[in-house]
Amino acid sequence: MTRIEKIRKGEVPPEAKIVAEEEGIALEEVLNFIKEGKVVIPLNSKRKKPIKPIGIGKKLRTKVNVNIGTSPEFVDYEYELKKLEIAEKFGADTIMDLSVGGDVEYMLEMVIEKSSIPVGTVPVYTAAVRAKNKRKSLIDLKVSEFFDTIALHAEKGVDFMTIHCGITKETVKKLKKAKRLVGVVSRGGSMMIEWMVHNKKENPFYENFDEVLNIARDYDITLSLGDGLRPGAIADASDIAQFAELELLAELIPRALEKGVQVMVEGPGHIPIHEIEMNVRIEKEKCREAPFYVLGPIVTDVAPGYDHITSAIGGAVAAMHGVDFLCYVTPAEHIRLPTLEDVKEGLIASKIAAHAGDIAKGIKGAKEWDKELSFFRKKLDWEKQFSLAIDKEKPKKMREERLPSSDVCTMCGEYCPLKKKI
């Protein structure tokens, strides 16, 4: 039985109890939200290595995901695993292995073996690499081979998967009508369109969605319904193609819940800041308050090299209005495969955005965290401030570079207002 099915029968899954205690909210409320599809706990029921469960969704702390993985141009398994270490060290809630270079199955096995947080994947990437290894192209794949890859990831222990099932013949027609500036920027989305166009067939994930659900149900995997038509430029934001795909994903949610499968919905992308609230509201209304997972969103296209900042701005606004899950964006977005430092910078930026959103949403404990740090700032207790910081290392290092033994900083020195008896 899946988590949802157990709750329907009156059972209390132990992971739900852990989430309730961790988030400081009533267990009954968590159970109801899971049953209604408003909260998910990504946790493969057959994974061999135990991990700490996390909840994503209504009334819970906004979570942050980190992407890692090899590319055809850069295959270094150990380097990618170091990114996993950094992600865990600086507080990532989940990790996604998006490898498309080298031995991607080996890479996934290593990530699952070493990760202490939930692991997500995009199975169609592995399908494409497997085809290449057989000297074939993705377009040559049989429908069964797509589902074999989903089953392979499930068997290896993956906790959540992005499945691009909202790209159909009909939504591709809408894409053509939209006349986008940039077109399709989703790697998985472009793969599905390429296969559909060449084979003159419907999207197998959409056409055989029950088969997707059967695999997910067997392993209690959380499905992340991918936004293959997400906008890749703010000029393409909120167009007919994006919302046509969202409408289709919304129709699949009740089918998933009926089978006891947990599901969340992925969203944009590049969105101007004044359209974020509208995008979140529409998703929540149409998708029965299913957890909303967004990349960024990036609010301006003119800052390559600083997209961890453009996405943190969008992420904070999105979280404030109800987004539940942020996918980090690094300074290297659109430019290169991220370095170790890029991973850290991107993660910290997203965690700041998530927390800012939690304060606005009134998430339990969010504002109190700031209050506690401010208390020690007033006391000029530097060590306590650093211990409470999102990044505990950087501020300490910055301080040690200037007046480490002084009780003030080098900005105000003896004129520090916090030393005045006011």
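Any read-out appearing in this document is the output of simple, stated calculations on the displayed coordinates, not a laboratory observation. Nothing here was measured: the structure is a model prediction, and the numbers come from that model. Because the Cβ atoms are built from the backbone with ideal geometry, glycine has one as well, and the counts that use them run over all protein chains shown.
Annotation: peptides 392-398, 136-142, 318-324, 100-106, ranked by per-residue average of other Cβ atoms within 10 Å with the highest first, follow the order 318-324, 100-106, 136-142, 392-398. Helical runs assigned H by DSSP (4 residues or longer) give the chain a calculated mean residue ellipticity at 222 nm of -15000 deg cm²/dmol, each run adding -39500 (n - 2.57) before division by the residue total.
Kirkwood hydrodynamic radius, region 219-291, all distinct C-alpha pairs: what's the number in Å? The answer is 12.7 Å. Taking the chain, how much of its Cα-Cα pair set, in percent, is spaced more than 35 angstrom apart? Within the chain, distances greater than 35 Å cover 27 percent of Cα pairs.
From the alpha carbon centroid of region 245-270 to that of region 26-85 is 17 Å. Note that region 360-416 shows a convex hull volume over its alpha carbon atoms of 94 Å³ per residue. Considering all C-alpha pairs of region 273-422, those separated by over 29 Å amount to 32%.
Ranked by how many other Cβ atoms sit within 10 Å of their own Cβ, fewest first, the residues GLU368, GLU333, GLU275 fall in the order GLU368, GLU275, GLU333.
Loop-located trypsin sites (Lys or Arg not before Pro) across region 271-335 with a Cβ neighbour count of 16 or fewer within 10 Å are ARG288, with loop assigned by DSSP.
Between the beta carbons of GLU73 and ASP140, assuming R0 = 25 Å, the FRET efficiency works out to 0.60 to the nearest 0.05. Relative contact order of region 3-361, taken over Cα pairs closer than 8 Å and 6 or more residues apart, is 18 percent. Using the Karplus relation 6.51 cos²θ - 1.76 cosθ + 1.60 with θ = phi - 60°, the per-residue 3J(HN,Hα) values for region 372-379 come to 5, 5, 4, 4, 6, 5, 4, 7 Hz, with x marking Gly and Pro.
When both region 110-167 and region 312-349 are represented by their alpha-carbon centers, they are found 24 Å apart.
Whole-Hz Karplus values for region 210-225 come out as 4, 5, 4, 5, 4, 5, 4, 5, 4, 10, 6, 7, 7, 8, 10, 6 Hz, taken residue by residue from phi with 6.51 cos²θ - 1.76 cosθ + 1.60 and θ = phi - 60°; glycine and proline positions read x. A simple charge model with +1 on the Cβ of Lys and Arg, -1 on the Cβ of Asp and Glu and nothing else charged puts the dipole of the chain at about 520 debye relative to its Cα centre.
For a 4.7 Å threshold on C-beta separation, the list of partnerless cysteines in the chain reads CYS165, CYS287, CYS327, CYS409. When each of the peptides 231-237, 412-418, 4-10, 192-198 is scored by the mean number of other C-beta atoms lying within 10 Å of its residues, the order from highest to lowest reads 231-237, 192-198, 4-10, 412-418.
Can you pick out the pairs among LYS35/LYS259; LYS48/LYS114; LYS83/LYS367; LYS89/LYS344 whose Cα atoms lie more than 19 Å from each other?
LYS83/LYS367
Shown here are the Rg and Dmax of the Cα trace of region 180-257, at 13.8, 41 Å.
Projecting the Cα atoms of ALA131, THR222, ALA154 onto the dipole axis of the chain, where Lys and Arg carry +1 and Asp and Glu carry -1 at the beta carbon, places THR222 farthest toward the positive end.
Dimensions of region 71-223 from C-alpha coordinates, computed as largest minus smallest value along each principal axis and given longest first, are 45, 36, 33 Å.
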